[in-house]
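These notes are about the structure you will find just below.
Any read-out appearing in this document is the output of simple, stated calculations on the displayed coordinates, not a laboratory observation. This is a predicted model, so every value here is computed, not measured. Backbone-built Cβ (ideal geometry, glycine too); neighbour counts: all protein chains shown.
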Amino acid sequence: MSNVLVVIGATGNQGRAVLTYFQQYEPSYKLRGTSRNPSSDAAIALAKSGIEIVKADLNDLDSLKHAFKDATVIFAYTAGSEILQSSNLIPKVMSGELKPPVGQYAYEIEVQQGKNVADAAATIPTLHRLVWSSLTDVRGRSGGKYVQAYHLDSKYTVWQYMRDLPALKDKASAVLMGGFMDNLANTPQQWGISRQTNGDFLVSLPLQKDCPIPWVDVERDTGAFVHALTKASPGTHVLGVSEWLGTGKYLELLFDHLGVKGRFEDISFEAAVQNDPLGLKLQFAEGFRFAEEFGYTGGDPEVVSPDDLEKQGFSIPRSKIIHHIKRTDWSKFLGTKSAA
Ligand SMILES: NC(=O)c1ccc[n+]([C@@H]2O[C@H](COP(=O)([O-])OP(=O)(O)OC[C@H]3O[C@@H](n4cnc5c(N)ncnc54)[C@H](OP(=O)(O)O)[C@@H]3O)[C@@H](O)[C@H]2O)c1
């Protein structure tokens, strides 16, 4: 029987990366990707490259069962920001119909989407491995100190559900994704970037500049993590890290490459959560403070490093931050306007 890989969110960063990796390194696999809109330009481009595209929505269990038919490997993830955009939650909180923080409602939707993946995967007799894109158990690992990092806890809650589902006991593994190297280039407004009146860049986050962050080159390396998880024992939870570095040093590399001046400022928690009617700033600030106090994975003993998997004989080639910086289009970042 030939291997069939089904990837949820084929047009997204993680999904496309996994499909591209398998296209290159596992040519015998039959590749299928899902999209809510198979007639979008992005989905059509994937179909033209030989990937079967099927329509599926994470909110629709039957569409997932249909997409997973005959799958031997499934890679799945949720898109937290998409939930906020498409769910009408933000207007409801802004109008007072729902109480902030908005993340608590997005959490419920995201967890249900992940459970749908698990429940659909559990019905597929051909399945060998389900790989989930997880994140950290912030609430649990902080002993209840940080309870509003909803975008992190949601992915961990799903992982717990998958791991404990009897039908997936010997089939589910997870990759705990590090901080995306694309963040500053793609969505600079979300990452505390501003220009000072002299044009210098200022990056203000509630995070110590030396706090080690596991950065991941999503485009180049996600496929290698998922591929290793198809071979490693089920139940493996690997950290998706390409290279560890403090944000201060990361920015030094970036500013040097761009030939601009800039600095990183570790702002207080209170400053970071000012003017926050949706509670979203608090959600992200808790994630940063958690990483500082407890480490990115919260010291979760279940999470292994890619080096641990390599020691078991699974090859995981990883990219360097500097190479990602050099190949990236930084025009959005450079276009950040001055405050005055
Ligand atoms: N930024 C970071 O540092 C970081 C770190 C770790 C983890 N994460 C997590 O990574 C996730 C985002 O990953 P990404 O950047 O790869 O996503 P992305 O590029 O935004 O793509 C998400 C894909 O999912 C599909 N999708 C969205 N809603 C769907 C639904 N209801 N049903 C089925 N498919 C759906 C979309 O495809 P169609 O529109 O074609 O359906 C889209 O292509 C977030 O949850 C975030 O929390 C981020």
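If one computes P(r) from the Cα atoms of the stretch 12-52, what percent of pairs lie at distances over 12 Å? Mind dumping the intermediate values first?
Working: 464 of 820 pairs.
That tail contains 57 percent of the Cα-Cα pairs.
Put simply, the amide H of LEU207, placed in the peptide plane, has neighbours under 5 Å in ILE267, leaving out anything fewer than 5 places away on its chain. Here the contact order of the chain, divided by its residue count and restricted to Cα pairs under 8 Å and six or more residues apart, works out to 18 percent. Name the most mobile residue of ASN59, ASN88, ASN37, meaning the one with the largest mean-square fluctuation, in a Gaussian network model of the chain with Cα contacts below 10 Å. Ranking ASN59, ASN88, ASN37 by mean-square fluctuation puts ASN88 first.
The distance separating the Cα centre of the stretch 266-340 from that of the stretch 54-85 comes to 25 Å.
The simple spin-label model puts a point 7 Å past each Cα toward its Cβ; for SER204 and SER87 those points are separated by 2.9 nm. Could you please report the charge total around LEU89, scoring K, R as +1 and D, E as -1 over all other residues with beta-carbon less than 13 angstrom from its beta-carbon? Net charge around LEU89: -2.
For the pair the stretch 1-50 / the stretch 169-248, the C-alpha centres are spaced 22 Å from each other. Each residue of the stretch 74-89 was assigned a 3J(HN,Hα) from its phi angle through the Karplus expression (A = 6.51, B = -1.76, C = 1.60, θ = phi - 60°), giving 10, 10, 9, 8, 10, 10, x, 5, 5, 4, 5, 6, 9, 8, 6, 5 Hz with x at Gly and Pro. A simple rule links phi to the HN-Hα coupling: the Karplus curve 6.51 cos²θ - 1.76 cosθ + 1.60 with θ = phi - 60°, which for the stretch 255-272 gives 4, 5, 5, 7, x, 10, 9, x, 8, 10, 10, 8, 8, 6, 4, 4, 5, 5 Hz, with x for Gly and Pro.
Under a 5 Å amide H cut-off, with hydrogens placed 1.01 Å from N, SER319 pairs with ASP217 among residues at least 5 apart or on other chains.
For the stretch 4-334, what percent of Cα pairs sit more than 31 Å apart?
32
Expressed as a whole percent, the proportion of Cα-Cα pairs in the stretch 190-260 lying more than 13 Å apart is 74%.
For the ranges 61-69, 192-200, 267-275, what's the packing order if you count other beta-carbon atoms within 10 Å of each residue, average per peptide, and put the highest first? Show your work: numbers first, answer last.
Values: 61-69: 18.4, 192-200: 14.1, 267-275: 12.4.
Top of the packing list down: 61-69, 192-200, 267-275.
Compute the label zone of GLU26 within the stretch 166-180: residues whose backbone N is under 13 Å from the point 7 Å along Cα-to-Cβ. Residues 173 fall inside that zone. So what's the net charge close to LEU282: Lys and Arg +1, Asp and Glu -1, counting the other residues with Cβ under 11 Å from its Cβ? Around LEU282, the surrounding residues sum to -1. Protection proxy ranking, highest mean first, for peptides 141-154, 70-83: 70-83, 141-154, where packing is the per-residue count of other beta-carbon atoms within 10 Å, averaged. FRET efficiency for the pair THR336 and SER40, taken as 1/(1 + (r/R0)^6) with r the Cβ-Cβ distance and R0 = 25 Å, rounds to 0.30. Its DSSP H runs of at least 4 residues, each contributing -39,500 (n - 2.57), put the calculated 222 nm mean residue ellipticity of the chain at -12000 deg cm²/dmol, to the nearest 500.
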